[in-house]
1. Give the residues of the range B:207-217 that are in a helix (DSSP H, G or I) and touching a helix residue (DSSP H, G or I) at 6+ places or on another chain (Cβ under 7 Å), sorted by residue number.
2. Residues in the range A:666-689 that are assigned to a loop (DSSP other than H, G, I, E, B) and in contact (Cβ under 8 Å) with a residue 40 or more places away in the chain: how many?
3. Using the structure shown, decide if residue A:790 is under 24 Å from residue A:399 (Cα atoms), in contact (Cβ under 8 Å) with a residue 24 or more places away in the chain and in a loop (DSSP other than H, G, I, E, B).
4. Mind listing whichever residues of the range A:690-704 are part of a strand (DSSP E or B) and on the phi > 0 side of the Ramachandran plot?
5. For the range A:175-183, does any single residue satisfy the condition of being modelled with pLDDT under 85 and touching a strand residue (DSSP E or B) at 6+ places or on another chain (Cβ under 8 Å)?
6. Between a residue in the range B:143-161 that is within 30 Å of residue A:543 (Cβ to Cβ) and within 8 Å of chain A (Cβ to nearest Cβ) and any residue that is at pLDDT below 90 and in a loop (DSSP other than H, G, I, E, B), which pairs come within a Cβ distance under 6 Å, given they are 6 or more apart or on different chains?
7. In this structure, does residue A:429 turn out to be farther than 22 Å from residue A:500 by Cα, within 24 Å of the chain's Cα centre (by Cα), assigned to a strand (DSSP E or B) and modelled with pLDDT under 90?
8. Using the structure shown, decide if residue A:364 is modelled with pLDDT of 90 or more, in contact with a strand residue (DSSP E or B) (Cβ under 7 Å, 6 or more places away or on another chain) and within 14 Å of chain B (Cβ to nearest Cβ).
């Protein structure tokens, strides 16, 4: 700051000029400095030095000065002189493969236009040298050569040459131990997991030297000694020595010290659990070799927060503020006495339970599923269970559910839990159109899984749909010239909101017409109508445990035929049939956590479906009816047959028992085994009346619902064509066993993908006397599943059928199955 | 080709600014926004930027795009602390968050932000023409938070089951009402919370095992008295009196023993 001014007196800025700027606008620099025309200030003073500081901190200039150019009374003229830092123009990298150049530029932020500072050069050099050292290139050298040029406008540019000389990877020739008496050197080398000496036979593990891994391996040697009672073990290593052939030798010195044994173990401070129980839990006894590592693990295992150790014994059972410390109270020769000091702290209760992140789902839908409640004793198990319940709702991204333990208060013994949820899309749309069956078929399906029926007439709630009450609503319409199907279903998981009892209702209507080959058009006079209603109630039980659900349902179907011949009704072409049945099911579902990809738990259920035993009281002699039928068949009397069959099927009489069990076990890391078992049996109360041709089982193929006019059930069995393992009328008894290995590829909420390999077998049988659970069709194969919230589950499986189907000359071989819709 | 189209497609900045300002003044916010959007990034630090940012932020606000306006207006307030429009912009920034606040039964992150912003505004500009409105909005949001907390506590009361979790459910409801009463001591839902707390204690006592019944009956009386203090006239009076009579009658049995 120079000029003809009086230091310490006040001036008003008349004008500011900028010099030395090349790429920045004058106005920008002035604005950034915080000085402006008309500002009054003391020179030199705080405002000018702040301006310099501000410009400096922008990291855009290598030099900043403010000069007084002129003083006129109390008007002052300032000049801001800057020297801009040169910018980076071109980066050339030598010494490594071209493919890695972009990564290096990205990692070090060496973009064109970056200001070149000394700092940038040093950090780049250090970063690269470290990077290669970590990969085993201990002798890597990085040279940076910045060359300054000027462009046509006079701006300074830097062309940077980065020369990387990685040198050779440094291999370990030998690892030498000294001082080890209790363990052979080879044993100790084995304990080192990532530092290996060169060995031509071993091909999977590298013999590179990486400092970080080496230090970890030294700790592993220490741990090995400690596990065997060498409490005072010291493992030291001098710097690696270089051999002539560019390899190194590692020298490790070991001071073993004495081998120790456990003496007395006393517990103090424990009031909740007795000594004996704790001692058993600890699993270490007097006279054992002193295993420091195990002792630590049994008290608080740092490597596994869910370990079965003493700390968790207390913490998971309400003593969140407990603290357990083992103290050596005496060393007698080679024996160490312990005192396990336990400070139990106050019994902890939950205080506030809260939920954040729900921007679609209403509070009550979430809170009612939580197993943690205010005032309850703290329990980790209850938190885990709550997460499971939230995951099973299907409204949230199961991978992102997390409980936050907040405000732990040891004085009051309270803690808050905040569940953080992330909503995911839970509505699905199906819109299809295509040609099939002689005409255009259109399908529109809508399914809303988090609907709010009470807001259905509330215009405000349509954003875009009334959501958030956890109800499920689905509508589906499929139509062509020959048939129409409409269905509607609704379910409310907590009817009345007081307790978990699911209420569901569904309606469906199907009409089918014949094609008239003469008129080449649909003949609406030949028709087959099916109307169905189902109302169900399912209650979550408390006993035997609260994973159980008892469900009941009443279903009614009315079939009506006019001039319509179809196989199941045999000889009736004008008539009707009613199917009224009661279903009772007991199921248990403890799958966790993600409903799309469960990793633990099981799901199994038994259901029974029963019609009223009409033949007990309706006075019809079905044995006689059967005899009449035989005569009619012999006489080929079609009218009599129609009358008899109509009598037989007026009200369908049957019972059906099914079992379905799924078990999920995590085998290794993310590899999950799913074991499945299914069994079904359809029977008749009255043997004279026989087993109905409805409600039958069709085994084989992808198991998708098919076009089920007659209440049939498709049971998937991959490796064979659809429904190929049942007779044309369908089986009355079936069983199926399946093992599936699953591994996730990505669990991203927008598309979860997992791969699977399976082995399964099953069969269906026409009568109970044919039944043989070991006479099954076997298959194996692999596939993939993709779950996208808007489309549901999609998948493809390739299965190989090992057995020969009836009428086939050889084993069935490969089949491809496409899976659509949710199957979990 | 309209003037707007010509300017919109042109590279030049000055005409965009001029036309944008004109459209803004005429109330054609949509087109004004489109023009502003193009020039805002390049305008930082230049004279006129403040005016531009003012119009830009206001456009978002007036178009009810509160997600953007909350951010843009907040940026304006930070960037131009000496602006003469600062008061208006701070208020609108706070009000944008108010508009984003969802129904009470959802996550209230934006509500809390809005209350904080409104509070800050009222502290900074106690004489502002917007003060009354800000205060009304803040009260409304505070009421929403109270309703939420009350509704959650009431949920525990609603879901008391008769199964094995019987006692847990009662205690949870009482603890939840206690939390609510501690967190919002002056709430307008206080009387309701006190009543339902009594109601819970009453149900617990009446259905209690003999061993703990006396103690629970006495608790119920305690909660009844708390409610009575705060309820001069209440929709629950009749019900409460019926319950307390039953409690007293039950307690009588213990006194006679």
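1. Residues satisfying the conditions are B:213, B:214, B:216, B:217.
2. Summing the residues that are assigned to a loop (DSSP other than H, G, I, E, B) and in contact (Cβ under 8 Å) with a residue 40 or more places away in the chain in the range A:666-689 gives 5.
3. Working: under 24 Å from residue A:399 (Cα atoms): yes; in contact (Cβ under 8 Å) with a residue 24 or more places away in the chain: yes; in a loop (DSSP other than H, G, I, E, B): yes.
Here the answer is yes, as residue A:790 does meet what is asked.
4. A:701
5. Applying the first criterion (modelled with pLDDT under 85) to the range A:175-183 yields none.
No, every residue in the range A:175-183 fails to be modelled with pLDDT under 85 and touching a strand residue (DSSP E or B) at 6+ places or on another chain (Cβ under 8 Å).
6. B:159/A:498; B:161/A:499
7. Values: farther than 22 Å from residue A:500 by Cα: yes; within 24 Å of the chain's Cα centre (by Cα): yes; assigned to a strand (DSSP E or B): yes; modelled with pLDDT under 90: yes.
So residue A:429 fits the description; yes.
8. The answer is no for residue A:364.
The values are calculated or read from the model by the stated rules, or taken from the named source; none is laboratory data. This one's a predicted model, so the numbers in the text were calculated from it and none came from an experiment. Here Cβ is always computed from backbone atoms with ideal geometry, including for glycine, and neighbour counts include all displayed protein chains.
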